[in-house]
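See below for the structure under consideration.
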Amino acid sequence: MTNTYPQALTIAGSDSDGSAGMQADLHTFFARNVYGASVITACVAGNSYGIHASIPMPTDFIDQEFQDLADDYHIRAAKTGMLADSELINDVVRNYQQADFGPLVVDPVIMTKHGNQLLEESAFETLRTKLLPLATVLTPNFYEVEKIAEITIHSDADMVAATQKMQTMGAKNIIAKGSHAIANQTVVRDFVLLESGESFWLSQPYHDTDRVNGTGDSLSACITAELAKGTPMKQAIALAKAFVNTAIGNPIEVGHKFGPINHWAAQRASYDQL
Ligand code: PXL
């Protein structure tokens, strides 16, 4: 009976207002009926206006967090979020390689919705060369696609080329998140490229709301939760997209500006038809 319940891990920063980072991940794991563990990589002080202070955790503390989970739990899937700098990426890569924590979803967190940088520019190359090759799934947003692939995106063809380039860097399955700013204002289209080479666009309605903090965290966490339960990749991605869309489409009044998404609405929704 030991460890039969599905367990997932977030390796991420703590966001003090609970809207993003590991808090959003843990809300998502809970909503998808998966037990959530967390390796904290950094602490961020902030609220719905922005981030006001940030400190990385010491790597020997992170090593101990990994060790304690490996000694006792059966983590079936893991995700990364904020990793702050090169030293931290290298430490997480080494620990993940030593552990047996299942597929890895990499949310290559670079910038918050408020425009605060959460990964040093000097770490972009470490992200490309060390972390991407471990990514079972990579979930960059539009900005991160441009930064990682070093391609400015003006068209669908640019998005496809950038995604293919990230796959040659080692990421197996990629969901490259579109921007409503380059399409029209009524839909957001993400480009998905699977390990098999199959590719397709996923569309969801665009919601004109500021309450979108934690969107990327929750999308990658939802994919992680589904992989921990054994959901097939394509279905896990489609479900996560629908989950986040429901959470954005039913805003809750928390905070004054860039508030959190609504995990309860997403929890209640049915995804049986997917
Ligand atoms: O949503 C990106 C993100 C990731 N991780 C932490 C954050 C944020 C955004 O605020 O604070 C810790």
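Checking the cross-link filter: which aspartates and glutamates have an alpha carbon closer than 20 Å to that of K257, excluding same-chain neighbours under 8 positions apart? Qualifying aspartates and glutamates at Cα under 20 Å: D15, D17, D208, D210, D217.
With neighbours defined as other Cβ atoms within 10 Å of a residue's Cβ, the residues C222, C43 order from fewest to most as C43, C222.
Overall, the chain carries a charge dipole of about 800 debye about its Cα centre when +1 sits on the Cβ of Lys and Arg and -1 on the Cβ of Asp and Glu, all other atoms neutral.
Under 30 Å of direct C-alpha separation, and excluding same-chain neighbours fewer than eight residues apart, K234 reaches these lysines: K79, K113, K130, K147, K165, K172, K177. Each of V93, V187, V105 has some number of other Cβ atoms within 10 Å of its Cβ, and from fewest to most they run V187, V93, V105.
Mean silhouette area of the range 90-233, derived from the convex hull of its C-alpha atoms and averaged over all directions, reads 8.9 nm². For the range 57-137, which GluC sites (Glu not before Pro) are both in a DSSP coil and crowded by at most 14 other Cβ atoms within 10 Å? Of the GluC sites (Glu not before Pro), not one in the loops of the range 57-137 has a Cβ with at most 14 other Cβ atoms within 10 Å.
Of all the options S155, S54, S16, the one that moves most in a Gaussian network model of the chain with Cα springs shorter than 10 angstrom is S155. Computed over the range 30-102, the Cα gyration tensor eigenvalues convert (square root of 5λ each) into semi-axes of 23, 17, 10 Å, ordered from largest to smallest.
I'd like the Kirkwood hydrodynamic radius of the chain, using the inverse of the mean 1/r over distinct C-alpha pairs, in Å.
Working: mean 1/r = 0.0544 Å⁻¹.
Here the Kirkwood hydrodynamic radius works out to 18.4 Å.
Every read-out reported here was derived from the displayed coordinates using simple, explicitly stated rules and does not represent laboratory data. Keep in mind that what you see is a predicted model, and the values were worked out from it rather than measured. When we count neighbours, we look across all protein chains shown, and the Cβ atoms used for this are built from the backbone with ideal geometry, even at glycine.
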